[in-house]
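Structure first, then comments.
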Amino acid sequence: MNDSRARASGAAGEETAAAYLADKNFSIIERNYRYGKYGEIDIIAGRDRLVIFVEVKSRNSQRFGGALYSIGSKKKQSMRTVARAFIQSHPQYNDPGITFRFDMIAVSDGAVDWIEDIVR
């Protein structure tokens, strides 16, 4: 897949994931939140006292183990770093009563698979 087709597929997957979360009564707080060279979190969403940092993976095949296997330790560390930066720059979320979680949403052929708590 060429680079522009991959970007378009990724953007479509993020749209699908955001709509899916909205259907589950989550508010989208940020999309494509970037923290310098450390990386990006595709979607930050909240519901009640829960804030989730979501990595979205769009896949057209299960080659190489599918979407779940595409998130390695380096990506997990990047997500932690970017999430900390987000919380520090948004004081309203710096509250011990808020629960934070890292999730992944895999989009494949229009189907959505939501995997909760991928980073510990």
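Results, tabulated for the structure shown:
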quantity	calculated
Local net charge near residue 113, Cβ-Cβ under 10 Å (Lys/Arg +1, Asp/Glu -1)	+2
Phi to ³J(HN,Hα) by Karplus 6.51 cos²θ - 1.76 cosθ + 1.60 over segment 20-37, Hz, x for Gly, Pro	4, 5, 4, 5, 8, 6, 8, 8, 7, 8, 8, 10, 6, 6, 10, 10, x, 6
³J(HN,Hα), Karplus 6.51/-1.76/1.60, whole Hz, each residue of segment 77-82, x for Gly, Pro	5, 4, 4, 4, 4, 5
Whichever lysines have a C-alpha closer than 19 Å to that of residue 76, once near sequence neighbours (fewer than 8 apart) are set aside	37, 57
Cβ-derived FRET efficiency at R0 30 Å, residue 40 paired with residue 108, nearest 0.05	0.90
Pairwise FRET efficiency - residue 74 versus residue 28, Cβ, R0 = 41 Å, nearest 0.05	0.95
Proximal aspartates and glutamates relative to residue 74, as straight alpha-carbon distance under 20 Å, when same-chain residues fewer than 8 apart are discounted	40, 42, 55, 103, 116, 117
Whole-Hz ³J(HN,Hα) from phi, Karplus 6.51 cos²θ - 1.76 cosθ + 1.60, for segment 100-105, glycine and proline x	10, 8, 10, 10, 10, 10
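Every number in this text was worked out from the coordinates using simple rules, so none of it is lab data. Owing to the predicted nature of the structure, the values given are computational and were not obtained by experimental measurement. FYI the Cβ positions are ideal-geometry reconstructions off the backbone, even for glycines, and counts take in every protein chain you see.
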